Amino acid sequence: MNRLTNFAAITILLLAGCQQKEEVKTVENKPVAVKTTHVVKKNYAPELSLTGTFCAFKEANLGTALPGKVEKIFYPKGARVNKGELLVQLSEEMLIQAQIEHDAIQTDFEKIARLKEKGSVTEQDYDHLKAKLDASEAKVKMLRKNTEIRAPFSGVIADYLVQEGENYLFSPNLEAGYSFTSGIVSLMQINRLIFKADINEKDLKKIKRGMHATIYTDVYPGKKFEATVSFIEPALNMLTHSATIELSVNNGNQILKPGMFGKAQLKLPEDSARFVPQQAVVQQPGTGNNYVFAVKNNTAERHNVNLVKIIGEEAIIDGLAEGTEIIVTGKNKVQEGQELAIKN
């Protein structure tokens, strides 16, 4: 009797288990409610992001062709000067000596000129002294030019490489950011700046002179600086396969400084692309792969896509044709081949 009872109990449990499995199977096959949309192709204004550094619009290390002692510096470092202003005076010993020699030759020439009128000297003697006078005048002008340094353009005195009382000798300057020249004073024009950035060869064809850009800095968060592309390097770096481009930036208030770091957004010509809602794109955990679920015969079909760019709440993708129906809401509940209940 007990054996019959146990057998009946086991039979009932097995039947109940089968029924539960059947119920689970029924639940698993139940269509999942989702909301869908379609891949849309439309025009947009693409942007290119670049990082770079601000540089002076013009810069020069000013010196003289001849060595000499720095007698006087007329402006402090950081002063703004105008084109043509005298910045540095050097010693004039050689100039004074040359001027004395010139004055003596000038006196002799005036005498021989009077004698020539009377026919007392030959044309050859006259021409010889005239040539000597011309050479003396040129020497005085050259020495006078090398006893003073004037600003070749309006700008700011960035630094003095030689101080008052020191002797100036020609020597190459290797300090980063300056020209490979010797000098006494460094002058920079910073009411306009050049923003230099490197651009990859694949993006180079998109850049044209005159193209508009907006530059942002960490120093002035939220503040925009407008710029235009002024120069594109004609040759690429052989190692990085990139080229340097220059953007001209107005800096009238001079709050930007050479050496500052910035991020530029270049507005590229209008283009077209395929857009989907950003939330429709799923990133596969542990990888950089992205995919979406498309709808085919009312079932879910997984498609790998290339995520090109995210713009606001939309994503630009490659890998799906325009008009393809995709799942937006409920995608985390579905699997490949899952039957769908579309609730748009």
- Message: Only sites in a loop by DSSP and with at most 14 other Cβ atoms within 10 Å count here; which GluC sites (Glu not before Pro) in region 63-109 make the cut?
- Response: E85
- Which one of T240, H102, Q279 is farthest out on the positive end of the charge dipole of the chain, using unit charges on Cβ (Lys, Arg +1; Asp, Glu -1) and the Cα centre as origin? Q279
- Just name one of T217, F153, N251: the one whose Cα is farthest towards the positive end of the charge dipole of the chain (beta-carbon charges, Lys/Arg +1, Asp/Glu -1). T217
- Listing R192, R274 from the residue with the fewest other Cβ atoms within 10 Å to the one with the most, what is the order? R192, R274
- Item | Two-site label geometry, T107 and Y126: point separation in nm, points 7 Å out along Cα→Cβ | 2.3 nm
- Item | Cα-centre dipole for region 248-344 with unit charges at Cβ (Lys and Arg positive, Asp and Glu negative), debye to 20 | 400 debye
- Query: Using a Förster distance of 22 Å, how high is the FRET efficiency between Q97 and A138, based on the Cβ-Cβ distance and rounded to 0.05?
  - Reply: 0.90
- Item | Magnitude of the charge dipole, region 99-148, Cβ model with Lys/Arg +1 and Asp/Glu -1, debye to 20 | 80 debye
- Using the beta-carbon distance between E233 and K118 and R0 = 51 Å, what value does 1/(1 + (r/R0)^6) give for FRET efficiency, to the nearest 0.05? 0.15
- For the chain, divide the Cα radius of gyration by the Kirkwood radius and give the resulting Rg/Rh value with two decimals. 1.41
- Query: Given H placed 1.01 Å from N in the peptide plane, which residues other than close sequence neighbours of K69 have an amide H under 5 Å from its amide H?
  - Reply: S91, Y168
- Cα-centre dipole for the chain with unit charges at Cβ (Lys and Arg positive, Asp and Glu negative), debye to 20: 1400 debye
- Taking 0.36 nm per residue of separation between H38 and E339 and subtracting their Cα-Cα distance, the length gained on full extension comes to 106.5 nm
- Message: Can you give me the long-range amide H partners of K58? Hydrogens built in the peptide plane at 1.01 Å from N, cutoff under 5 Å, separation of 5 or more residues or another chain.
- Response: Q189
- Query: Hey, if you put +1 on the Cβ of every Lys and Arg and -1 on every Asp and Glu Cβ in region 32-88, which of G84, L66, V32 ends up farthest toward the positive end of that dipole?
  - Reply: V32
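Each value in this text was obtained by applying a stated rule to the coordinates, not by laboratory testing. Since the model is a prediction, treat every value here as computed from it, not as a measurement. Positions of Cβ are backbone-derived with ideal geometry, glycine not excepted, and every protein chain shown enters the neighbour counts.
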